[in-house]
Amino acid sequence: MYIPSQFKEENLQRLTALIEDYSFGTLVSTHEGLPFVSHLPFLFEQDASPHGKLLGHMARANPQWQHLAQGQMALAVFQGPHAYVSSGWYAKPGVPTWNYAVVHLYGRARIVEEESQLEEILDKLTAVHDADYPETMQTGYMRENKTRLLDMIVGFEIEVTEIQGKFKLSQNRSNDDQQSVIQHLQASAIASDKETAALMVSNLKARR
């Protein structure tokens, strides 16, 4: 990923927070020289290895798990908030652009098919994503149909070997321009604009 120095983010806490807040990511592998992509929910375990570990699963009908089983390098992309930035918000002439935050994780996958390990991955993912919801009938349904459902999916673990973070948040503009961008995004009715403004505020505080 192309990362100009002013946009490079290396703070692991901020990178982890983005992965957790935007955990529905993009998994990229290659097959016969072409990229292959799946869009999946992930769980990032920061303390699992020096750079952390990603857990997930996909449908057994999805051929990507077979690509991963070959030991090739995989890439997981997590896209955070993003927003259009008008050149009219600057004190001096400029060009329109886009502010955004993204994290790339690289590593090699291990396929998980053993029932107890696969069930453990599902339990961890469910514990995170169901945390804000009351218990439903789905819990009982899963218990009753566990074997059949587990046969339909394949789990994976990716031991992360490299993390890249790019937080492009107007750092190349003056402080006045940054404040102007924040104010305009805060006033927007678009949720992603407000989220980008909040990240810009957080970024300015972190760099003071």
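The values are calculated or read from the model by the stated rules, or taken from the named source; none is laboratory data. Predicted model only: the values in this text are computed from it and were never measured. Neighbour counts run over all protein chains shown; Cβ positions are idealised from the backbone, glycine included. Side chains are part of the model used for accessible areas, which takes the heavy atoms of the whole protein and leaves out ligands, DNA and RNA. Shrake-Rupley method; radii C 1.70, N 1.55, O 1.52, S 1.80 Å.
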Expected field for Lys146, accessible surface area in Å² at 1.4 Å probe radius, rounded to 10, holds 60 Å²
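Which length gain, in nm to one decimal place, applies between Gln66 and Ser116 when the Cα-Cα distance is subtracted from 0.36 nm times their residue separation?
Details: separation 50, 0.36 × 50 = 18.00 nm, distance 2.04 nm.
Value of the extension gain: 16.0 nm.
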For the chain, convex hull volume per residue from C-alpha positions, Å³ = 149 Å³
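Per DSSP H run of n ≥ 4, the term is -39500 (n - 2.57); total these for the chain, divide by its residue number, and report the mean residue ellipticity at 222 nm rounded to 500 deg cm²/dmol. Present the calculation step by step, with values, prior to reporting the outcome.
Details: 7 runs with 71 residues, N = 208.
One gets -10000 deg cm²/dmol as the mean residue ellipticity at 222 nm.
Top to bottom by accessible area (1.4 Å), largest first, where do Ile182, Ile111 land?
Largest to smallest exposure gives the sequence Ile111, Ile182.
How large, in Å, is the range 40-132 by the Kirkwood hydrodynamic radius built from its alpha-carbon pairs? Could the numbers behind the result be given before it?
Working: mean 1/r = 0.0613 Å⁻¹.
One decimal place: 16.3 Å for the Kirkwood radius.
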Which ³J(HN,Hα) values in Hz, rounded to whole numbers, follow from the phi angles of the range 163-169 under the Karplus curve 6.51 cos²θ - 1.76 cosθ + 1.60, where θ = phi - 60° and Gly and Pro get x?
-> 10, 10, x, 10, 10, 8, 10
At a 1.4 Å probe, what is the % contribution of carbon and sulfur to the accessible area of the range 54-208?
-> 53 percent
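Mind running the shape call on the range 6-73? Use the C-alpha gyration tensor, a ≥ b ≥ c as the square roots of the eigenvalues: rounded below 1.5 for a/c, prolate if a/b tops b/c, oblate otherwise. Intermediate results must be reported in sequence, preceding the final value.
Working: a/c = 2.00, a/b = 1.77, b/c = 1.14.
Verdict is prolate for the range 6-73.
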Using R₀ = 35 Å, calculate the FRET efficiency as 1/(1 + (r/R₀)^6) where r is the Cβ-Cβ separation of Ala91 and His31; round to 0.05.
-> 0.10
Return a single number: how many Lys pairs in the chain, at a sequence separation of 8 or more or on separate chains, have alpha-carbon atoms below 29 angstrom apart.
-> 22
